[in-house]
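Working notes, structure below.
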Amino acid sequence: MAAIQNLLEASSLFPIPSGLSFSYGTAGFRSDASVLSSTVFRSAVVAALRSLATGATVGLMITASHNPVGDNGVKIADPDGGMMTQRWEPFADRVANAPDPHSLVQLIVQFAEEEDIPLGGMKSSEILLGRDTRPSGEALLEDAKKGISAVAGVVAVDMGILTTPQLHWMVRSRNKGMKASEFDYFSQIANSFRCLIDLVPKELLKNKVEGKLIVDGANGVGGGKLEELKVMLTGLEIEIRNVGRDGGVLNEGVGADYVQKEKVAPSGFGSADVGTRCASLDGDADRLVYFRVLSPSSNTIDLVDGDKILSLFAVFIKEQLSILNKKENKDIASGLPARLGIVQTAYANGASTDYLKQLGLEVVFTPTGVKYLHKKASEYDIGIYFEANGHGTVLFSEDFISRLEAKQKELASSCAGSEYHNAALRLLAVTQLINQAVGDALSGLLLVEAVLQYFGWSIQRWSELYHDLPSRQLKVKVADRTAVVTANAETQVVKPLGLQAVIDAETVKHSRGRCFIRPSGTEDIIRVYAEASTQEAADSLAQSVVQHVASVLGSGNPQK
Ligand code: 16G
Ligand code: MG
């Protein structure tokens, strides 16, 4: 069959590098860019098959997020704009590692049969391609195009340089039959931001949030995109640094990952910025953290991480819902009942979880990785999820959005301009502003800014919602990270047997102690997280657990 022959010939131009094995991992394939050609080609084949299988547009993004500039990676976005279904991950792994073109094609033919995918049929579908600003991206994107054209009936649409969340947004919009260009993305979030600012209660305008926001673009794709978006924004003063044009290196001493892990100001920020509200994006702009430089003589910061962004959003949304559901609200025949769920991982600071529970919110936990949090959050009418590292968003169910729209219309005719009507309009604006496909630093940043203006809060006031418990994260190099198996959203070690009891015995020695270990999904290491009432106690708990892990699993030294 011509289609098979075509695939065979195309893949023979992309031999896999010897001695390496690739794994789809927490967020797609990632590696040194120089060895990724065949992986990108083959991932594009997988994306093409996914598109044929679903009969819908699929996305393929070339990025390695916060990794060093020499790395690159590739991940696939499903038709709903979320991560590729986990069910297909083992297939993606087998495709990436098939030793030669013949076994590759055999694998694909067999999978296509099992999944009823029309190879070589008349069906036609498309893949949206995007890449970040990495120098290796351009060539890898060409490899992806070859992978797509090797599958009959599928076409590649090159969307150019994008943030990861922009591409996910475009895939989702395209499949919903909505406008999906970059201009549409910018317009939608700029307009909904404007709408939220216009809805700030007049009496609160006097508390106007002081001063400008300074954003660290990680020398990645986000800074330049924010510059474009900024032109369309009113009601916000932003200065953008580390845009990647002045010799700064991607993710080197800059970016959300660096700021969150090291708890220091990124390069380009210093004494002149003390007290100012600052934000940091990661290399592909799907993570966001805020911070405030504390002292003119050092680069220490007050970190306002994903947990606090989540808390800010939760307080705001809860307030809008309680306005709509006020008992004395005679203007509405019925309120707007909504199941609001908060999704965190074990990395969430214990103080944030306590705070959210004190607000009466339902808090649930999943393993690390956006795909797990996103899935859980989608089970609610409104699901807010964030990892402490700044990945997160707010999801609204279709059913809730249609009830909200109906309520808005009802209120517009009965009590336009009332607080009830405004609360409905605010929630509707949030559904438009915040990226429904995936966590998005740019839209997240605008929602933070709108909510701060709504409450009239400075970054300091926001940060004081609760005080983080001191914590420490360490990593241990081990011979085989898969030897560690966890359960209960990574809070319990199931294998090796006995290790959890040892961790428990160490943990109870410390007031407010909490500790867990997990194999990293992106590096060949075991991560150790400890929390306690003092920094010394958190450090000592982490250290002692590192020692136990090393002695059970045979390893080198703990690393920060
Ligand atoms: C990836 C994940 C992130 C997770 C991190 C954990 C996505 C888009 N990104 O960056 O959610 O927090 O991996 O890394 O899913 P680790 O497994 O090495 O600790
Ligand atoms: Mg990222």
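This table checks each residue for (1) surrounded by 18 or more Cβ atoms within 10 Å (Cβ to Cβ); (2) in a helix (DSSP H, G or I).
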residue: ARG292; (1), (2): yes, no
residue: SER298; (1), (2): no, no
residue: LEU303; (1), (2): yes, no
residue: LEU310; (1), (2): yes, yes
residue: GLN320; (1), (2): yes, yes
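Scan segment 64-86 and give yes if some residue there is in a helix (DSSP H, G or I) and either more than 11 Å from ligand 1 (Cβ to nearest atom) or open to solvent by 10 Å² or more (accessible area, probe 1.4 Å) (or both), otherwise no. Working first, answer last.
Step one: filter segment 64-86 for residues in a helix (DSSP H, G or I), giving 86.
Cutting the leftovers down to either more than 11 Å from ligand 1 (Cβ to nearest atom) or open to solvent by 10 Å² or more (accessible area, probe 1.4 Å) (or both) gives us 86.
Yes; the residues of segment 64-86 include at least one that is in a helix (DSSP H, G or I) and either more than 11 Å from ligand 1 (Cβ to nearest atom) or open to solvent by 10 Å² or more (accessible area, probe 1.4 Å) (or both).
Consider ALA47 against the criteria (1) modelled with pLDDT under 95; (2) crowded, with 19+ Cβ neighbours inside 10 Å; (3) within 27 Å of LYS376 (Cβ to Cβ): it satisfies all of them except one. Which criterion is unmet?
Here ALA47 clears every test but (1).
Quick one: which helices (runs of 4 or more DSSP H) lie wholly within segment 174-288 and hold at least 2 residues that are surrounded by 24 or more Cβ atoms within 10 Å (Cβ to Cβ)?
182-198, 221-230, 256-262
List, please: which pairs have Cβ atoms under 6 Å, are six or more places apart or on different chains, and start with a residue in segment 534-560 that is at pLDDT below 95 and end with one that is part of a helix (DSSP H, G or I)?
Partner pairs satisfying both residue conditions: VAL552/LEU499; LEU553/ALA483; PRO558/VAL546.
Residues in segment 150-173 that are open to solvent by less than 10 Å² (accessible area, probe 1.4 Å) and either within 16 Å of ligand 2 (Cβ to nearest atom) or not aliphatic (A, V, I, L, M) (or both): how many?
Of the residues in that region, 8 qualify.
Would segment 260-267 turn up any residue that is in contact with an Asp or Glu (Cβ under 8 Å, 6 or more places away or on another chain) and charged (D, E, K, R)?
No, every residue in segment 260-267 fails to be in contact with an Asp or Glu (Cβ under 8 Å, 6 or more places away or on another chain) and charged (D, E, K, R).
Looking at segment 459-480 only, could you name the residues that are open to solvent by 60 Å² or more (accessible area, probe 1.4 Å) and either at pLDDT below 95 or over 23 Å from GLY275 (Cβ atoms) (or both)?
ARG472, GLN473, LYS477, ALA479, ASP480
Can you go through GLU319, GLU227 and tell me which one is acidic (Asp, Glu), in the same structural domain as HIS391 (by TED's automatic domain parsing) and either away from ligand 1 (no atom under 16 Å from the Cβ) or at pLDDT 95 or above (or both)?
Details: GLU227 fails: in the same structural domain as HIS391 (by TED's automatic domain parsing).
Step by step, each of GLU319, GLU227 is checked, and only GLU319 is acidic (Asp, Glu), in the same structural domain as HIS391 (by TED's automatic domain parsing) and either away from ligand 1 (no atom under 16 Å from the Cβ) or at pLDDT 95 or above (or both).
Of the residues in segment 275-302, how many are more than 16 Å from ligand 1 (Cβ to nearest atom) and under 19 Å from VAL448 (Cβ atoms)?
11
Checking GLY392 against (1) open to solvent by 60 Å² or more (accessible area, probe 1.4 Å); (2) in contact with a Lys or Arg (Cβ under 9 Å, 6 or more places away or on another chain): exactly one of these is not met. Which one?
Going through the list (1) open to solvent by 60 Å² or more (accessible area, probe 1.4 Å); (2) in contact with a Lys or Arg (Cβ under 9 Å, 6 or more places away or on another chain), GLY392 breaks only (1).
Would you be able to tell me the number of residues in segment 93-128 that are assigned to a helix (DSSP H, G or I), polar (S, T, N, Q) and under 33 Å from the mean Cα position of the chain (by Cα)?
Adding up the residues that qualify gives 1.
Please work out which one of (1) modelled with pLDDT under 95; (2) within 16 Å of ligand 2 (Cβ to nearest atom); (3) in a loop (DSSP other than H, G, I, E, B) is the condition ARG30 fails and give its number.
Here ARG30 meets the rest and fails (3).
Please determine whether any residue of segment 118-138 is modelled with pLDDT under 95, within 30 Å of ASN435 (Cα to Cα) and of a type in the set (S, T, N, Q).
Yes; the residues of segment 118-138 include at least one that is modelled with pLDDT under 95, within 30 Å of ASN435 (Cα to Cα) and of a type in the set (S, T, N, Q).
Do we find that GLY456 is farther than 22 Å from VAL370 by Cβ and open to solvent by 10 Å² or more (accessible area, probe 1.4 Å) in this structure?
yes
Suppose we filter segment 40-83 for residues that are within 16 Å of ligand 2 (Cβ to nearest atom), closer than 18 Å to GLY25 by Cα and of a type in the set (Val, Ile, Thr); how many remain?
Count: 4.
The values are calculated or read from the model by the stated rules, or taken from the named source; none is laboratory data. What you see is a predicted model; the values in this text were computed from it and never measured. Cβ: placed from backbone, ideal geometry, glycine included. Neighbour counts: every protein chain shown. The protein model used for the area step is the full one, side chains on, heavy atoms only, and it has no ligands, DNA or RNA in it. Shrake-Rupley method; radii C 1.70, N 1.55, O 1.52, S 1.80 Å.
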